[in-house]
């Protein structure tokens with residue numbers, strides 16, 4: 001069995017790569033850097049033209065794909081009134097458009113598998129309102145959920161679901177938290193000051209265990225810090 005993890009060399013993507021490897025998958029990562037023994041395609045999903053070329057290469061060099069995990073995400077705190085078109089473009093490219101291109105280019109590889117599985121990683125922030133500083137991120141992750149549901153409806157042979165993990169102790173989390181602090185010293189943001197952070201390895205194992213067994217498709221699931229999975 002093989003698996004492709006987009007963004008699989010760092011942070012939560014790395015935890016997904018390790019989790020899939022432990023289940024016997026030969027993991028391929030599409031990422032900026034290499035992780036362990038996983039096969040590796042160097043790419044920046046934010047550069048959409050380059051990303052599409054990478055996807056075509058992946059499609060040409062692999063006969064089938066048993067598991068696809070779209071784990072890349074990008075967030076940076078910025079007040080709504082200060083957002084530029086570049087901020088919006090970056091948020092959509094790195095949170096939803098990259099996944100849309102991956103699903104578009106790799107559908108045939110998934111269909112060639114006897115038991116194709118796929119997942120997209122969203123955010124519980126996509127269900128939050130009132131956070132003025134994360135609007136592009138929340139909107140893009142909400143769009144990713146809709147993309148996943150639509151893909152599942154059009155491709156009933158591929159089991160694909162959307163997973164919204166809790167805040168996790170990753171470098172990305174701390175980077176976003178610092179971006180809040182740059183806006184306003186001592187800024188208190190719901191979800192970034194609770195002090196409760198999940199272990200990314202526990203969350204990755206929970207998501208993978210659910211994704212490889214579930215009969216559901218096109219559903220959204222939230223993950224609690226203890227790894228319990230609940231339908232949204």
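Six or more apart or on different chains, Cβ atoms under 7 Å: show the pairs whose first residue is in segment 18-44 and at positive phi and at pLDDT 95 or above and whose second is exposed (fewer than 14 other Cβ atoms within 10 Å of the Cβ) and assigned to a loop (DSSP other than H, G, I, E, B).
Pairs found: none.
Just checking, does segment 58-68 include any residue being touching a strand residue (DSSP E or B) at 6+ places or on another chain (Cβ under 7 Å), modelled with pLDDT under 95 and closer than 11 Å to residue 6 by Cα?
no
Can you tell me how many residues within segment 151-180 are modelled with pLDDT of 95 or more and surrounded by fewer than 19 Cβ atoms within 10 Å (Cβ to Cβ)?
5
Is there a residue being assigned to a helix (DSSP H, G or I), within 14 Å of the chain's Cα centre (by Cα) and under 18 Å from residue 7 (Cβ atoms) anywhere in segment 111-122?
no
So, in segment 204-229, exactly how many residues are more than 20 Å from residue 15 (Cα to Cα) and free of Cβ contacts under 8 Å to residues at least 40 places away in the same chain?
Within segment 204-229, residues that are more than 20 Å from residue 15 (Cα to Cα) and free of Cβ contacts under 8 Å to residues at least 40 places away in the same chain number 0.
Identify, from the list 129, 97, 107, the residue that is loosely packed, with under 15 Cβ neighbours inside 10 Å, within 28 Å of residue 206 (Cβ to Cβ) and out of contact with any strand residue (DSSP E or B) (no Cβ under 9 Å at 6 or more places or on another chain).
After ruling out the rest, the residue left standing is 129.
The values are calculated or read from the model by the stated rules, or taken from the named source; none is laboratory data. This one's a predicted model, so the numbers in the text were calculated from it and none came from an experiment. Here Cβ is always computed from backbone atoms with ideal geometry, including for glycine, and neighbour counts include all displayed protein chains.
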